[in-house]
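Participant: Structure in structure tokens, see below.
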Amino acid sequence: MRKYLLLIFFVLFSFSAIHAEIEWTLSDDGTLTISGTGDMPDYDLIYENKEFVSTAPWCHQKDKVKKVVIEDGVTNIGDEAFSCCQNLASIIIPNSVTSIGRAAFDDCSSLTSITIPNSVTSIGKDAFYYCKGLASITIPNSVKSIENSTFQYCIGLASITIPNSVTSIGEHAFYGCMGLTSITIPKSVTSIDECAFLFCSNLTSITFEGSIPPKFGYDVFEDINKSIPVYVPANSLEAYKKALGYYFEETSIQALQR
């Protein structure tokens, strides 16, 4: 028994020591403030009281969280940090943050917009999965890739800016984003993985800026109107017709006007 208690103490002490500089407070008005220096820990989902909840310490009060303020000095947002905080409506991220972890905002259905600073270089997979109230987002030009399922089922997402720094779009990245009406793929993108835009059924136009078509996975543009205009560089018209012929009518693939 003594050895068991000592083991528990050691684990708790080790966790506290590693993350001793990260603290949090939740005010009466629902503002969750994360302060300190260094990385937030990563959390997991556990099944508790017939629902999945994050192991983040504030998630036992998740229904009270309406706003998150991350103070300068915190360098990342941990995995599953705010997942299932369904009343979270706004978040402030400082320039000290360089990464957003896996499923960090999973199922934050009240989140309508978010500003990601240029300091952020990576956004984990499932980061905004099923944020159905998210209407717009600008990805900073410091991010190199859009990971798997990052915006899957963001059904309210009406606009998104993909910067020229992004070279790949992961599988299911925008799966089911039925609010999207147009998308521009910058010339930096060299690959778009399977089902990336599957069920984005309200798209009315797609623009490709690269002279070489990206490498496409399976079902990238499945369930999208085959006759919508797809604009591509004039000198690459035939290459895009070959690459996209399965998804769109030949006449819908048109020269991009400059």
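Participant: Given the criteria closer than 20 Å to residue 132 by Cα, open to solvent by 60 Å² or more (accessible area, probe 1.4 Å), assigned to a loop (DSSP other than H, G, I, E, B) and of a type in the set (A, V, I, L, M, F, W, C), does residue 155 qualify?
Facilitator: So residue 155 fits the description; yes.
Participant: Right, another one. Can you name every residue in the range 166-190 that is touching a Pro at 6+ places or on another chain (Cβ under 9 Å) and crowded, with 17+ Cβ neighbours inside 10 Å?
Facilitator: 166, 168, 169, 185, 186, 188, 189
Participant: Are any residues in the range 150-161 modelled with pLDDT under 95, over 18 Å from residue 104 (Cβ atoms) and hydrophobic (A, V, I, L, M, F, W, C), and if so, which ones?
Facilitator: 158
Participant: In this structure, does residue 139 turn out to be in contact (Cβ under 8 Å) with a residue 24 or more places away in the chain and either touching a Phe, Trp or Tyr at 6+ places or on another chain (Cβ under 9 Å) or under 19 Å from residue 217 (Cβ atoms) (or both)?
Facilitator: no
Participant: Quick one: in the range 51-74, of everything that is open to solvent by 70 Å² or more (accessible area, probe 1.4 Å) and part of a loop (DSSP other than H, G, I, E, B), which residue is nearest to residue 107 (Cα to Cα)?
Facilitator: That would be 66.
Participant: Let me ask something else about it. Out of 51, 80, which single residue is among the charged types (D, E, K, R) and modelled with pLDDT under 90?
Facilitator: 51
Participant: Hey, another quick one. Taking the options 77, 139, 116, name whichever one is more than 17 Å from residue 52 (Cβ to Cβ), out of contact with any helix residue (DSSP H, G or I) (no Cβ under 6 Å at 6 or more places or on another chain) and surrounded by 19 or more Cβ atoms within 10 Å (Cβ to Cβ).
Facilitator: Just one listed residue meets the conditions, 77.
Participant: In addition: Scan the range 194-218 residue by residue and report those that are open to solvent by 60 Å² or more (accessible area, probe 1.4 Å) and either closer than 19 Å to residue 152 by Cβ or assigned to a loop (DSSP other than H, G, I, E, B) (or both).
Facilitator: 194, 199, 202, 204, 209, 211, 212, 218 - these are the residues of the range 194-218 that are open to solvent by 60 Å² or more (accessible area, probe 1.4 Å) and either closer than 19 Å to residue 152 by Cβ or assigned to a loop (DSSP other than H, G, I, E, B) (or both).
The values are calculated or read from the model by the stated rules, or taken from the named source; none is laboratory data. Being a predicted model, the structure only gives us computed values, none of them experimental. Glycine gets a Cβ as well: all are built from the backbone with ideal geometry, and neighbour counts include every protein chain shown. Side chains are part of the model used for accessible areas, which takes the heavy atoms of the whole protein and leaves out ligands, DNA and RNA. Shrake-Rupley method; radii C 1.70, N 1.55, O 1.52, S 1.80 Å.
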